[in-house]
Structures are given as structure tokens and as C-alpha cells.
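Q: The structure is given below, and queries will be raised subsequently.
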Amino acid sequence: MESQKLFVHLQCQNQGNISMDIYAMTDGALMKQIGSKMKELRIINSMKQSELASASGVSVFTISAVENGKAPSMMVMIQLLRTLGPLVYLDHF
């Protein structure tokens, strides 16, 4: 049903408000979108990758990979979300 589809609303710096149907996205496209959002959160928090690495316990290499759309482990995702603040997103599970 169309009304039951989950829409993600993103505030992107250069693109304004975007609504996208995450069910229509490929897995790779969704990972790229998540990576972009993670980078945006890091920048909003005025953190360099090295600072996020130090605060989260995740390597700079892994942070860069996540921000570029590579799939992290669940543990890495939790560490990054906890450090950046939006761990509350997991309340929906």
C-alpha cells in the first residue's frame, strides 16, 4: 500500500528537503545515502574524521568508507550513531 511506505526526509545542504522512497532504492544507493547523512551529521557536529574516530573508537579509514557508501558492521553503526547523537533512530526497531 502506498500509504504504508516509509519515506525518509533529509535536509541536505545543497539540495533542500528531499523525500525519497527507501523501498525503491537499491541497497547500494541506500548505503550511499546513509553514508552521506553520516558525513552531514559529523560536519554539523563540527567534527573532523579524526575527532570522530577518537570519540567513537572507529578508525578514520572505516569512517571514510562509511561516508563513501561502504556497508559497516552493526557495531560500527551503533558506535557512530552513539557518538554523533542520533542513536534515538534505533527506538523505531
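The values are calculated or read from the model by the stated rules, or taken from the named source; none is laboratory data. Since we're looking at a predicted model, the values are computed, not measured. Cβ: placed from backbone, ideal geometry, glycine included. Neighbour counts: every protein chain shown. The area values use the complete protein model at the heavy-atom level, side chains included, leaving out ligands, DNA and RNA. Shrake-Rupley method; radii C 1.70, N 1.55, O 1.52, S 1.80 Å.
Q: Do you know which residues across the stretch 48-66 are surrounded by fewer than 18 Cβ atoms within 10 Å (Cβ to Cβ), under 25 Å from Gly28 (Cα atoms) and of a type in the set (Ser, Thr, Tyr)?
A: Within the stretch 48-66, Ser59, Ser64 meet the criteria.
Q: Taking the conditions exactly as written (at pLDDT 90 or above and open to solvent by less than 50 Å² (accessible area, probe 1.4 Å)), does Gly69 satisfy them or not? So that I can check it myself, show each step before the final result.
A: Values: at pLDDT 90 or above: yes; open to solvent by less than 50 Å² (accessible area, probe 1.4 Å): yes.
Yes, satisfied.
Q: Let me ask something else. Would you confirm whether any residue within the stretch 24-38 is at pLDDT 95 or above and open to solvent by 80 Å² or more (accessible area, probe 1.4 Å)?
A: no
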